[in-house]
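Have a look at the structure below before the remarks.
A short reminder: the numbers here are calculations on the coordinates, not readings from a lab. Owing to the predicted nature of the structure, the values given are computational and were not obtained by experimental measurement. In this analysis, Cβ positions are derived from the backbone assuming ideal geometry, glycine residues included, and neighbour counts consider all displayed protein chains.
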Amino acid sequence: MAPRSRSLKTLEAKLVRCRACERLVEWREQVARDKRAAYAGEEYWGRPVPGFGDPAAKMLIVGLAPAAHGANRTGRMFTGDRSGDWLFRALHETGFANQAAATARGDGLQLRGAWVTSMVKCAPPDNKPSTVERDTCISWATAELRLLPTAKVVVALGGFGWDGALRVLATHGHKLPRKPKFSHGAEVEIGPYTLLGCFHPSQQNTFTKRLTRPMLRGVFARAAELVR
């Protein structure tokens with residue numbers, strides 16, 4: 001369980017030391033040792049990946065988990081993989097990011113009015129965390145939302161992010177409507193928040209055109225309308 005923290009910075013310092021899930025710890029560290037050939041010369045992060053963005057964010061984006069050779073390598077959510085290429089381009093086009101590319105920490109990327117995080121903080125094998133790992137990790141996202149008092153909109157990437165966002169909002173004491181189903185473009189009012197559904201910008205979705213760039217941009221354009 002995430003210890004209570006007074007700031008996002010102190011929460012991050014505690015998160016990166018977490019070793020609660022033995023399977024995830026073993027996997028994230030194995031990937032960091034047995035590097036993909038393309039990144040053989042790089043030092044992998046290999047730890048839990050904290051959220052990042054604007055502490056005064058009005059929009060919280062919730063994904064599934066760090067990618068093994070993306071955020072688990074770079075140490076920043078959606079950085080260094082194709083899902084991030086899609087996500088940050090859409091955020092840039094809708095005014096939430098100062099640039100469209102995210103390659104590494106220190107690349108100059110800044111988010112404006114947005115915070116990006118994940119339900120599970122460590123890269124899971126096959127990108128599939130167990131329900132126990134999900135439930136063990138949810139307290140970190142719950143703590144993040146508490147430390148983002150200006151957030152009004154939660155964008156859930158994929159069904160896993162959607163279910164996780166509902167759990168987080170319920171933990172904060174907000175009454176959920178009759179279990180709202182996930183779909184791309186779904187919009188639900190929960191307490192002071194608007195929850196938006198968006199297909200995850202995974203290669204499986206983008207290669208098959210289940211998710212297109214206009215579809216992704218449209219979700220964040222709607223979020224921009226709501227936070228105004």
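Would you point out the residue of segment 32-73, among those that are assigned to a loop (DSSP other than H, G, I, E, B) and aromatic (Phe, Trp, Tyr), that is nearest to ARG146 (Cα to Cα)? Even if it seems obvious, please write down each step before you answer.
Looking only at segment 32-73, we keep the residues that are assigned to a loop (DSSP other than H, G, I, E, B), and these are 34-36, 40-51, 54-58, 64-70.
After this cut, where a residue has to be aromatic (Phe, Trp, Tyr) as well, the list is 44-45.
Details: TYR44: 30, TRP45: 26 Å.
The qualifying residue nearest to ARG146 (Cα to Cα) is TRP45.
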Given the conditions (1) within 22 Å of GLU144 (Cβ to Cβ); (2) in contact (Cβ under 8 Å) with a residue 12 or more places away in the chain; (3) part of a loop (DSSP other than H, G, I, E, B), report the number of the one that ARG19 does not fulfil.
(2)
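State all residues of segment 187-202 that are surrounded by fewer than 18 Cβ atoms within 10 Å (Cβ to Cβ) and touching a residue at least 24 places away in the same chain (Cβ under 8 Å); if no residue qualifies, say none.
Of all residues in segment 187-202, those surrounded by fewer than 18 Cβ atoms within 10 Å (Cβ to Cβ) come to 187, 189, 191-192.
Those that are surrounded by fewer than 18 Cβ atoms within 10 Å (Cβ to Cβ) and touching a residue at least 24 places away in the same chain (Cβ under 8 Å): GLU187, PRO192.
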Quickly run through segment 167-225 and pick out the residues that are outside any helix (DSSP H, G or I), over 24 Å from LEU111 (Cβ atoms) and among the hydroxyl-bearing types (Ser, Thr, Tyr).
SER183, THR208
Determine, yes or no, whether GLU93 is more than 13 Å from the chain's Cα centre (by Cα), farther than 26 Å from ALA221 by Cβ and not basic (Lys, Arg).
no
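Specify which of the listed residues (ALA114, ALA141, ALA102) is surrounded by 23 or more Cβ atoms within 10 Å (Cβ to Cβ), farther than 23 Å from THR10 by Cβ and of a type in the set (Gly, Ala, Ser).
On the way: ALA114 fails: farther than 23 Å from THR10 by Cβ; ALA141 fails: farther than 23 Å from THR10 by Cβ.
None of the other options fit; the residue is ALA102.
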Starting from residues that are touching a His at 6+ places or on another chain (Cβ under 9 Å) and not hydroxyl-bearing (Ser, Thr, Tyr), keep the ones in segment 16-64 and report whichever is farthest from THR117 (Cα to Cα).
ALA38
